[in-house]
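Scroll down for the structure; my scribbles are underneath it.
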Amino acid sequence: MKNRVQLIAYVDRLSGGGFGDLNRLLAGPLAGVFGGAHLLPFFTPIDGADAGFDPIDHTRVDARLGTWKDVRALAGTVELVADLIVNHISVSSPQFLDFSEKGPDSPYAGMFLAFDRVFPKGARESDLLGIYRPRPSLPFSPVTLLSGGRKLLWTTFNPEQADIDVRHPQSEAYLDSILRAFQSAGIKMIRLDAVGYAIKKPGTSCFMIPETFEFIAELTGKARTLGIEVLVEIHSHYLKQIEIARRVDWVYDFALPPLVLHALFNGDCRPLAHWLAISPRNAVTVLDTHDGIGVIDVGADSDGTPGLLSPDEIDSLVETIHRRSRGQSRKATGAAAGNLDIYQVNCTFLDALGGREADYLIARALQFFAPGIPQVYYVGLLGGTNDMELLARNGVGRDINRHYYTNEEIEAALKKPLVQKQMELIRLRNTHPAFGGEFQVNSPAEDRIEMRWKLREHRIELQVDLSVPSASITGTSSTGEIQYLTIPDASDTRLNSEEVLS
């Protein structure tokens, strides 16, 4: 993938329509802004139980968005990233329905993981309690099959998503068919969604065990033969992330968002600077995504190994987000909403900062200077705020940050000073040659951080003073030394506004 900023978006929620509309947006008002685009699930259907992450048919484009031909056309505008949903499939899929109707006589019977398949001799309490779980309940759902039988199925995320045995021949054929469809559509990178949960083995955590790494390596090998790079999505302790990064093409830097928020909330750069000094260089960086703002990635490991932030600092971080968002994030997080993930706060990044636009631009600058390829979520790109109406209508916590934009809303958002300055930052990140060189980070004081990139005679530096807060970007250009950007700009009264919560 090109070392340029990528967009993350649902096709229909950003474009106001389908692939044709998104292509016109990227080739028109956003021309030259993004080098790539991560298209969140666009398969049949896009509006299932988990916003497309529970595909009925992973090899078909939802007809409301377009066709594979439309995907190929978009691939001619930007490099594309697509989700390979590895761990599960919809219970409405043809494979599951055939299994449900025919039971053990179905050719797909072995594709789905029942409790007794993983624990043929039964499970002890310690076996069940040892399973790593992203939500507070056990990962099993009782299901009555159409054949009349009853099975206790493994459902890591929700009862509508049946986990598959990725080692079964039918599962392998299923995943291979998706890879071939992606290759023919010009997909450059796949994101292995929920791959950390893909291998189930008695007596283990069933999360990122050695057999999981073996499976990832095999799948990565298949993708590479098709010219496709692999991005692994794992939420885990930071030392595990560093180890995982050594064994895969790309990993997410999920520790960055909470560390940036901690720095801006507390005027304390030290945890952020420490992480940037050791973080994986083969990272995809984010601030906001279609999921919430994660905290598990900066917390302690299950064995007690300290995290990048202490438990008290994490508690303070979460409470500050709730306070600055005027309690909106609390309504969308945990038991208050349909999403019971235990490791994330649901909120737009701008609202997490209390609407402070200068802070938001500083956060984005920190992301763009961090090692890795940056991704920008569509709501964050457009300076979006919490969609409380969508949250109330659907009762799904993560929908607070999954707004459906109309063409009129997009046009208005692109005129905002915040959005225009953010795009200025994106273009600088995309074009300055120093970002292809060596990275250095320094924190000369608790409230200051300096980040530098250097390639031969090219140099660019970000200096952030959190006591103000303010930031400046300086470096070399074709005409010599130059001041590229200051945040906030003294001429922009809106970015200096303090009409926000403390």
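Just so you know, all these numbers are worked out from the coordinates, no wet-lab data involved. Quick caveat, the model's predicted, so the values are computed rather than measured. Cβ sites come from the backbone with ideal geometry, for glycine too, and all protein chains shown count toward neighbours.
Using the 10 angstrom Cβ neighbour count as an exposure proxy, how do HIS432, HIS168 rank, fewest first?
Details: HIS432 20, HIS168 17.
Ordered by Cβ neighbours within 10 Å, fewest first: HIS168, HIS432.
Helix 357-369: angle to the longest alpha-carbon principal axis of the chain, degrees 0 to 90, nearest 10?
70 degrees
Would you mind getting the Kirkwood hydrodynamic radius of the range 1-233 from its Cα pairs, rounded to one decimal in Å? Mind showing how you got there, number by number?
Working: mean 1/r = 0.0536 Å⁻¹.
Over the range 1-233, the inverse of the mean reciprocal pair distance is 18.6 Å.
With θ taken as phi - 60° and the coefficients 6.51, -1.76 and 1.60, list the Karplus ³J(HN,Hα) couplings across the range 164-177 in order, rounded to whole Hz; mark glycine and proline as x.
Coupling constants for the range 164-177: 10, 8, 5, 8, 6, x, 5, 5, 4, 5, 4, 5, 4, 5 Hz.
Taking amide H positions as placed in the peptide plane 1.01 Å from N, state which residues far from GLY16 in sequence (5 or more) or on other chains have amide H under 5 Å from it.
Here the answer is TYR405, since their amide H atoms fall under 5 Å of that of GLY16.
How about the range 270-353: which trypsin sites (Lys or Arg not before Pro) there lie in a loop by DSSP and see at most 16 other Cβ atoms within 10 Å?
Values: sites: ARG281, ARG323, ARG324, ARG326, ARG330, LYS331; in loops: ARG281, ARG326.
When the trypsin sites (Lys or Arg not before Pro) of the range 270-353 are filtered for loop state and at most 16 Cβ neighbours within 10 Å, ARG281, ARG326 remain.
For a test of the definition: using alpha carbon positions, the gyration tensor, and the 1.5 limit on a/c, classify the range 435-487 as rounded, prolate or oblate. Mind dumping the intermediate values first?
On the way: a/c = 3.46, a/b = 1.52, b/c = 2.28.
Oblate shape, in that a/c is at least 1.5 and b/c is the bigger or equal ratio.
Relative to the longest principal Cα axis of the chain, at what angle does helix 417-431 sit, 0 to 90 degrees, rounded to 10?
Once rounded, the angle reads 80 degrees.
Can you run phi through the Karplus equation (6.51, -1.76, 1.60; θ = phi - 60°) for the range 65-76 and list ³J(HN,Hα) in whole Hz, with x for Gly and Pro?
Once θ is set to phi - 60°, the couplings for the range 65-76 become 9, x, 9, 4, 4, 5, 5, 4, 5, 5, 5, x Hz.
So what J values fall out for the range 292-303 if you push phi through Karplus, 6.51 cos²θ - 1.76 cosθ + 1.60 with θ = phi - 60°, rounded to Hz, Gly and Pro as x?
x, 8, x, 10, 4, 6, 10, x, 6, 7, 5, 8
Among (i) 24.6; (ii) 25.3; (iii) 23.5, which one is Kirkwood radius over Cα pairs in Å computed from these coordinates?
(iii)
Using modelled backbone amide H atoms (1.01 Å from N, in-plane), which distant-in-sequence or interchain residues come within less than 5 Å of GLU233's amide H?
Residues meeting the amide H criterion: LEU192, ALA194, VAL195.
Going by how many other Cβ atoms sit within 10 Å of their own, how do TRP154, TRP250 line up, fewest first?
Numbers: TRP154 25, TRP250 21.
Exposure proxy ranking, most exposed first: TRP250, TRP154.
How are the Cα pair distances of the range 319-429 distributed, in percent, across 10 Å bins from 0?
Over the range 319-429, the share of Cα pairs per 10 Å bin runs 15, 42, 34, 10, 0 percent.
Can you put PHE439, PHE265 in order of Cβ neighbours within 10 angstrom, beginning with the fewest?
Details: PHE439 18, PHE265 21.
Listing PHE439, PHE265 from fewest to most nearby Cβ atoms yields PHE439, PHE265.
Within the range 352-453, which trypsin sites (Lys or Arg not before Pro) sit in a loop by DSSP and count at most 15 neighbouring Cβ atoms inside 10 Å?
Numbers: sites: ARG356, ARG364, ARG393, ARG398, ARG402, LYS415, LYS421, ARG427, ARG429, ARG448, ARG452; in loops: ARG356, ARG402, LYS415.
When the trypsin sites (Lys or Arg not before Pro) of the range 352-453 are filtered for loop state and at most 15 Cβ neighbours within 10 Å, LYS415 remain.
When a/c reaches 1.5 or more, the comparison of a/b and b/c decides; with that in mind, is the range 150-243 rounded, prolate or oblate per its Cα gyration tensor? Show your work: numbers first, answer last.
Details: a/c = 1.90, a/b = 1.23, b/c = 1.55.
In terms of gyration-tensor shape, oblate.
THR285's amide H: which non-local residues (gap 5+, or another chain) put their own amide H closer than 5 Å, with H modeled 1.01 Å from N in plane and none for Pro or chain starts?
Residues meeting the amide H criterion: ASP253, ILE373, GLN375.
Using only Cα atoms and rounding to the nearest 10 degrees, what angle (0 to 90) does helix 256-266 make with the longest principal axis of the chain?
50 degrees
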